[in-house]
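Comments concern the structure below.
The values are calculated or read from the model by the stated rules, or taken from the named source; none is laboratory data. Treat the numbers as computed from the prediction; the structure is a model and nothing was measured. Here the Cβ positions follow ideal geometry from the backbone for every residue, glycine too, while neighbour counts run over all protein chains shown.
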């Protein structure tokens, strides 16, 4: 006897759906490949670096690219390729860590402000106004000078000024969706505020932060370079792309290779994050499903 019942369609995993939609875009694939290569190069830098990145060799200082030194040497005779590989560890970690730290606090403050409104919104927004009144780089310089040099202190100094942007972006997005029917339905069945925010509000409000996060990684790398340039942040003999680029300014006319290679790597990192971020924004946009 024929079975007239129809099987219910199998529910697709949302993560796999977004991932499939993401990698249909060639730009996203290109960005992911660039970022993967740079990340793997940074992870395995101690194994593939041809020289010790802190080794000084005054006899070979300021040499151009050659078979012995593929990217040339700096003013102290250090191999630039080795320093670029090791510098990727610091640059990528700084960019990603700054975004991760500021994003966590930005999401918390933005969610509370946008969802509850009222006095909660006023209190959080006025606090963020005070922080926003101080220019981001000036705030980072003040905190870095107060906390001292070092990787962790640099991340903290750069993160505080970035919280405001993430919180405000998320707040504006949440205020657009908090009166939606599915939010009211969840409140009707007595769902807790925490569950409504985590299960319904955030997933439908987080997309605008994607591109902002990718730019935040690039800004984190450039801001760390600025701190290093004025004697704060990550200091020599540690290698960091932005600091290497800043250190090459005095030699850029006669020895351009010192600035070209770290500049190219920073540009590639920024490009890869932007390509992935744009594709993620489209993949997560409900209107494009």
Query raised in the report: Among the residues of region 227-260, which ones are closer than 14 Å to residue 83 by Cβ, touching a helix residue (DSSP H, G or I) at 6+ places or on another chain (Cβ under 6 Å) and either at pLDDT below 80 or surrounded by 21 or more Cβ atoms within 10 Å (Cβ to Cβ) (or both)?
Result: 228, 234, 239, 240, 241, 242, 243, 244, 245, 246, 248, 258
**Report entry** Exclusive hit being at positive phi, over 18 Å from the mean Cα position of the chain (by Cα) and either surrounded by fewer than 16 Cβ atoms within 10 Å (Cβ to Cβ) or assigned to a loop (DSSP other than H, G, I, E, B) (or both), set 47, 62
**Finding:** 62
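Give the number of residues within region 144-157 that are within 20 Å of the chain's Cα centre (by Cα), assigned to a helix (DSSP H, G or I) and either at positive phi or surrounded by 11 or more Cβ atoms within 10 Å (Cβ to Cβ) (or both).
Of the residues in region 144-157, the ones within 20 Å of the chain's Cα centre (by Cα) are 144, 150-157.
Narrowing the set further to residues that are assigned to a helix (DSSP H, G or I) leaves 144, 151-157.
Okay, now just the ones that are also either at positive phi or surrounded by 11 or more Cβ atoms within 10 Å (Cβ to Cβ) (or both), so 144, 151, 153-157.
Of the residues in region 144-157, 7 are within 20 Å of the chain's Cα centre (by Cα), assigned to a helix (DSSP H, G or I) and either at positive phi or surrounded by 11 or more Cβ atoms within 10 Å (Cβ to Cβ) (or both).
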Report summary line: When residue 181 is run through (1) touching a residue at least 60 places away in the same chain (Cβ under 8 Å); (2) over 25 Å from residue 272 (Cα atoms), the failure sits at (1)
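Say whether the condition of being part of a helix (DSSP H, G or I), under 29 Å from residue 274 (Cβ atoms), modelled with pLDDT of 85 or more and touching a helix residue (DSSP H, G or I) at 6+ places or on another chain (Cβ under 9 Å) is met by at least one residue in region 69-81. Don't jump to the end; show me each part of the working.
In the first step, residues of region 69-81 are kept if they are part of a helix (DSSP H, G or I); the result is 80-81.
Within this subset, residues satisfying the condition of being under 29 Å from residue 274 (Cβ atoms) are 80-81.
Add one more test, that the residue is modelled with pLDDT of 85 or more, and what stays is 80-81.
Filter again for touching a helix residue (DSSP H, G or I) at 6+ places or on another chain (Cβ under 9 Å), leaving 80-81.
Within region 69-81 (the criterion being part of a helix (DSSP H, G or I), under 29 Å from residue 274 (Cβ atoms), modelled with pLDDT of 85 or more and touching a helix residue (DSSP H, G or I) at 6+ places or on another chain (Cβ under 9 Å)), the answer is yes, since at least one residue qualifies.
Condition (residue is in a helix (DSSP H, G or I), out of contact with any helix residue (DSSP H, G or I) (no Cβ under 7 Å at 6 or more places or on another chain) and at pLDDT below 85) applied to region 121-128: is it met by at least one residue?
Taking region 121-128 first, the residues in a helix (DSSP H, G or I) are 121-128.
Applying the additional criterion that residues be out of contact with any helix residue (DSSP H, G or I) (no Cβ under 7 Å at 6 or more places or on another chain) yields 122-123, 126-127.
Cutting the leftovers down to at pLDDT below 85 gives us none.
There is no residue in region 121-128 that is in a helix (DSSP H, G or I), out of contact with any helix residue (DSSP H, G or I) (no Cβ under 7 Å at 6 or more places or on another chain) and at pLDDT below 85.
Table: residues versus (1) without any contact (Cβ under 8 Å) to a residue 12 or more places away in the chain; (2) surrounded by fewer than 22 Cβ atoms within 10 Å (Cβ to Cβ); (3) part of a helix (DSSP H, G or I).
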position: 94; (1), (2), (3): no, no, yes
position: 101; (1), (2), (3): no, yes, yes
position: 107; (1), (2), (3): no, yes, yes
position: 110; (1), (2), (3): no, no, yes
position: 114; (1), (2), (3): no, no, yes
position: 130; (1), (2), (3): yes, yes, yes
